[in-house]
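Contents: one structure, followed by commentary.
Read the figures in this text as sums done on the coordinates, not as results from a lab. Values in this document were obtained by computation on a predicted structure and should not be read as measured data. Please note: Cβ atoms are built from the backbone with ideal geometry, for glycine as well, and neighbour counts cover all protein chains shown.
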Amino acid sequence: MYKKTEHQLTFVDDFFLPFGGKLNKENRWVRLAELIPWWKAEEKYAKSFKKKFKGEKAYSVRIALGALYIKERLGLSDRETVEQITEKPYLQYFIGLPEFQEKAPF
């Protein structure tokens, strides 16, 4: 099951860091997140799911595609990708999380 999100873009100033501060708008992951047309990818992604409401809700395209991009760009294993995302707020922002979290996103 897939439920479209209202929007895929989280503004960098809205990303909550529990230890204070703000993300650097010039960071490579912030700039890349702003370049990717997440809504276009979501349109195609949503079509790949059946209309039936069975099973678990799918992750957003930004989480799924973003994590895959991180994995391939950095040459990481699946487990290491999850570890890197869990530890780094810029990667969490890139995959569309609204705030830093200390638990693995998936």
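Spatial offset of the stretch 77-106 relative to the stretch 41-68 amounts to 18 Å, using the alpha carbon center of each. Scanning the chain for GluC sites (Glu not before Pro) that sit in a DSSP loop and have at most 11 other Cβ atoms within 10 Å, the longest stretch containing none of them is 57-101.
Working value for the chain: equivalent-ellipsoid semi-axes of 23, 16, 14 Å, each the square root of 5 times a Cα gyration tensor eigenvalue, largest first.
In terms of surrounding Cβ atoms within a 10 Å radius of their Cβ, ARG62, ARG28 rank from fewest to most as ARG28, ARG62. Relative to the longest principal axis of the Cα atoms of the chain, the long axis of helix 78-87 lies at roughly 50 degrees. The magnitude of the dipole of the chain, with charges of +1 and -1 set on the Cβ of Lys/Arg and Asp/Glu and taken from the Cα centre, is near 680 debye. Considering only PHE49, LEU32, LEU68, and ranking their Cα positions along the charge dipole of the stretch 12-94 that arises from unit charges at the beta-carbon of Lys, Arg, Asp and Glu, the one farthest toward the positive end is PHE49.
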